[in-house]
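A quick write-up on the structure given underneath.
Derivation of every value follows stated rules applied to the coordinates shown; laboratory data play no part. None of the values given here were measured: they were computed from a predicted structure. Virtual Cβ from ideal backbone geometry, glycine too; neighbours counted across all protein chains shown.
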Amino acid sequence: MQGNNKYRMASGAKRFSDLLFSVLTAFLAICVLVMLVLVFSNVVLRYGFNSGINISSEIARLSFVWLIFGGSVLALRAREHLAINMLIDRMSPQTQKIVHLVRQVIILWVLWLIIDGGWDQTLIGMSTVTPVAGMPIAVFSGAVLISAVIMAVMIVLDFFVALGTPATLENIRVFRTSADNIEEI
């Protein structure tokens, strides 16, 4: 019965993680669309009609910042960060699972440091506004904070998935934080 509950918890964590991945992917697609429309429209207006949209550069920059930090979240979730797994490949599945869990705890600690710094920068940015739009600079530094929080949630969910996954040769892929080659993606 206990094993069944672990499997159900791991399955629910994976579904929630997949939902976050889909929502973030849609958000980043909107950021790219906003950047494309604003920059293209501004170029056409400046060169064709000698006018422009004043706010477009700030909004495009904001979209780009969110695109970069959101992309890092997607790369974490899709396991597309750089890795060298030569040593890990030589370990038993049980050892790989333990190393993966320890690695996730270390990543959580680093993310906590980023969240703490992102929070401080967001608070500082609340009193400073952009010159044209008048929006707080905190919307830029908030990208750091939000992406680190989402990454932390995904790491915690991955931790539970790894805990609920048996350490067998068939499940080795679960204990990886990134893929070695294109065939694994």
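A full extension of the chain between Ala133 and Arg61 corresponds to an added length of 24.7 nm, given 0.36 nm per residue minus the alpha carbon distance.
Would you mind checking the tilt of helix 138-164 against the longest principal axis of the Cα atoms of the chain, expressed as 0 to 90 degrees and rounded to 10? The two axes meet at around 20 degrees. Taking a virtual spin label 7 Å from the Cα of Glu170 along the C-beta vector, which residues in the range 82-99 bring their backbone nitrogen under 16 Å of it? Within reach of a label on Glu170, which here means backbone N under 16 Å from a point 7 Å along Cα→Cβ, the range 82-99 contributes 93-94.
This model, with +1 at the C-beta of Lys and Arg and -1 at the C-beta of Asp and Glu, gives the range 45-120 a dipole about its Cα centre of some 260 debye.
Peptide packing for 45-54, 65-74 was compared via the average number of neighbouring C-beta atoms within 10 Å per residue; ordered from the highest value, the list is 65-74, 45-54. Label-to-label distance for Ile106 and Leu82 is 1.6 nm, based on points extended 7 Å past Cα in the beta-carbon direction. Considering only Leu111, Leu24, Val161, and ranking their Cα positions along the charge dipole of the chain that arises from unit charges at the beta-carbon of Lys, Arg, Asp and Glu, the one farthest toward the positive end is Val161. Between the helical axis of 2-49 and the longest alpha-carbon principal axis of the chain there is an angle of about 20 degrees. With contacts taken as Cα pairs under 8 Å at a separation of at least 6 residues, the chain carries a relative contact order of 33 percent.
Helix 56-77 and the longest principal axis of the C-alpha atoms of the chain enclose an angle of approximately 0°. Rounded to the nearest 20 debye, the dipole size of the chain about its Cα centre is 320 debye, using +1 on the Cβ of Lys and Arg and -1 on the Cβ of Asp and Glu.
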